[in-house]
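The values are calculated or read from the model by the stated rules, or taken from the named source; none is laboratory data. Small disclaimer: the values here were computed from a predicted structure and weren't measured. Note: ideal-geometry Cβ built from the backbone for every residue, glycine included; neighbour counts use all protein chains shown. Surface accessibility is based on the protein's heavy atoms, side chains included, excluding ligands, DNA and RNA. Shrake-Rupley method; radii C 1.70, N 1.55, O 1.52, S 1.80 Å.
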Amino acid sequence: MRRTTLVTAVAAVSALVLTACGGGDGGSASGDSGEITFWDTSGPNEGPVFAAIAQECATKGGYKVKTETVPFDAALNNYRTAAQGGQGPDVFRAEVAWVSQLAKLGYVVDLAGTELASDTSDFLETPLGSTKYDGKTYGVPQVTDSLALFYNKKLLADAGVEPPKTWDDVKAAAAKLGGEKTIFINNDAYYALPFIYGEGGDLVDAGAKKIVVNSADNVKALETAKGLLDAKAASTALDPTNSYNNMQAAFTTGEVAMVINGPWSVADYLKGAAFSDAANLGIAPVPGATAGKGSAPVGGHDYVIRQGTKAKDSSVKFIACMASTESQVRIAKELGVLPTRKSAYENADVKANAVVSAFEPVVTAAHPRAWIPEGGQLFDPLKIAYADVLAGKKDAKTALDEVAKTYKDTVVPEYTVG
């Protein structure tokens, strides 16, 4: 899950929604148009590779595919608007939190009876969970991700510091790493999850239909994050809008020694002065993880097929090709993003990729999120609260109580609090 703000031309995307009618109005005698429109929500580093593989799949499969890049931040709303009117792409690259919402709305195809749902045993269990809703399968995992500790090997080695395993280790290392230059804490909600999961907390208990975001564990979690700032062992951005970009700039220039981020950030880091030698980039599990139990959230993207497509059969073949072991191996090798198939991790070239091999234990132990239709709506209220706590505007208990009330009032009103 990439919690960043992309600079986009929303007007252009709105025009795309009005004009993209995936699959067309025509149809072959078999009932399949043989023409697929694929909405790709990846960034500029990944898009060209996905587009190239898409064309190769189409050539091999005997259908046509048109790949259209849709900015991530606008993609969900644009897809819902288009699908509501029977328009939009045939295949959509959906963030994992979107699948259950789109399934509940009836905007994506139940894959029962297709080859995509017949054997899913090769997929990692946690990302596979994001494709399910109400006991049915609506998606196929494309890529997975999580958060890890990125560190500047030279800065840590020069200071005689080992990659920290706990948040107390981070605090202890600050005296050697320049105090606030030790680690940059991004004040976005997704980046609060390692603190929350590390304390045994969560946002909601979907099985019990309970709101648990204001639990004692979560209060302690946010107090831990704020405690790093108070101890001058970390820095953050008071402006949430620029927090991610400030974090990236601070780490790529060598201003801070450590950050928490996902595999999508590697390409940007390797462009920075601090990592002109790629071997200087270190990757380790997020502090707070325990043996076999990660403190980092699972993220990623799934392929879904729009309900009402006139190219369902072709779309099934397309996704089967795009999500194949062969395609995932190539994507991992070329981009360093993380496969969702177990078999892909067994490939020698994938094993040799330093980023993928470092993240494999992270994603294997990643903490599952609540795969509910409202899952994506849990983040905005938490983002406000987390930023307020880190800025010292509110204490953790007050801020999280307000989040719990918002969840109850507007997100999951049928849930009980605590």
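See the values below:
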quantity	calculated
Rh by Kirkwood over Cα pairs, then Stokes-Einstein D for the range 224-380 at 1.567 mPa s and 4 °C, µm²/s	71
Accessible area of the range 269-408 divided out per residue, in Å², using a probe of 1.4 angstrom	39
Kirkwood Rh and Cα Rg combined as Rg/Rh, the range 237-306	1.04
Per-q log10 I(q)/I(0), the range 366-407, q = 0.16, 0.21 Å⁻¹ (Debye; single scatterer per alpha-carbon; no solvent)	-0.45, -0.69
Dipole of the range 79-167 [Lys/Arg +1, Asp/Glu -1 at C-beta], most positive-end residue of GLY106, TRP167, GLY139	TRP167
Relative contact order of the chain, defined on C-alpha pairs under 8 angstrom at six or more residues apart (%)	25
Rg/Rg_ref, the range 188-228, where Rg_ref = 2.2 N^0.38 Å and atoms are Cα	1.12
Between the range 207-259 and the range 128-201, the Cα center-to-center distance that results, in Å	10
Value of relative contact order over the range 315-396, rounded to a whole percent, pairs C-alpha under 8 Å and six or more apart	17
Pairwise Lys count, the range 295-418 - Cα closer than 30 Å, eight or more residues apart or different chains	19
222 nm mean residue ellipticity, helices alone, for the chain (DSSP H n ≥ 4; -39,500 (n - 2.57); rounded to 500)	-11500 deg cm²/dmol
FRET efficiency estimate (nearest 0.05) - Cβ-Cβ, LYS405 to ASN77, R0 22 angstrom	0.30
Reduced Cα scattering model of the range 61-220, Debye log10 I(q)/I(0), q = 0.11, 0.19, 0.21 Å⁻¹	-0.69, -1.27, -1.40
log₁₀ of I(q)/I(0) at q = 0.09, 0.22 Å⁻¹ - the range 305-418, Debye sum with one point per alpha carbon	-0.48, -1.06
Within the accessible area of the range 262-315 (1.4 Å probe), percent carbon and sulfur	53
HN-Hα J in Hz across the range 180-191 - Karplus 6.51, -1.76, 1.60, θ = phi - 60°, x for Gly and Pro	5, 7, 5, 8, 9, 9, 6, 8, 7, 4, 4, 7
Sites excluded, trypsin sites (Lys or Arg not before Pro) in DSSP loops with at most 13 other C-beta within 10 Å, longest stretch of the chain	1-208
Tilt relative to the chain, helix 354-364 - C-alpha long axis, 0 to 90 degrees, to 10	90
Pairwise label distance in nanometres, GLU115 with ASP205, each label 7 Å out on the Cα-Cβ vector	4.4
Descending Cα extents along the principal axes, the range 146-201, whole Å	34, 19, 18
More than 12 angstrom apart: percent of Cα pairs within the range 218-259	63
Three-way shape call for the range 93-166 based on the alpha-carbon gyration tensor, with the a/c threshold at 1.5	prolate
Cα-based equivalent ellipsoid, the chain: semi-axes from gyration tensor eigenvalues, Å	36, 25, 19
With Cα atoms, 0 to 90° folded angle of helix 167-177 axis to the chain main axis	60
Alpha-carbon centroids, the range 71-120 and the range 319-390: separation in whole Å	19
0 to 90° range, to nearest 10: angle between helix 379-390 axis and the chain longest Cα axis	10
Size of electric dipole in the chain: Cβ of Lys, Arg +1 and of Asp, Glu -1, about Cα centre, debye, nearest 20	180
